[in-house]
């Protein structure tokens, strides 16, 4: 999910595909392949976060098992904060 005007990017990561420290359980069959796949996903996530942050974005990541209500509240707080900052910055440059 992207809030482009305020540069906030939101990711909801699946516990299995992104290696949740609480819930990821490596499969019993073909475990080498899947462990490598999940490790690559995690590395890509870190790279994505770094690139977006360097470009001035705020990155929010949540696990699929987290409360959607709590996630939505955190997203709303961050978007509101960024909108307020942008509004104040606009007034200062005038």
- Of all residues in the stretch 21-36, which are in contact (Cβ under 8 Å) with a residue 12 or more places away in the chain and not in a loop (DSSP other than H, G, I, E, B)? none
- Task: Could you list, in sequence order, all residues of the stretch 6-40 that are loosely packed, with under 15 Cβ neighbours inside 10 Å, over 18 Å from residue 65 (Cβ atoms) and over 17 Å from the mean Cα position of the chain (by Cα)?
- Result: 27, 28, 29, 30, 31, 32, 33, 35, 36, 37
- Message: Looking at the stretch 47-75 only, could you name the residues that are in a helix (DSSP H, G or I) and surrounded by fewer than 10 Cβ atoms within 10 Å (Cβ to Cβ)?
- Response: 54, 69
- Query: Quick check, is residue 43 within 19 Å of residue 5 (Cα to Cα) and either exposed (fewer than 11 other Cβ atoms within 10 Å of the Cβ) or out of contact with any strand residue (DSSP E or B) (no Cβ under 6 Å at 6 or more places or on another chain) (or both)?
  - Reply: no
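Coordinate-derived values only; no laboratory data. Not measured: the values here are computed from a predicted model. Quick reminder, even Gly has a Cβ in these numbers, built from the backbone with ideal geometry, and neighbours come from all protein chains shown.
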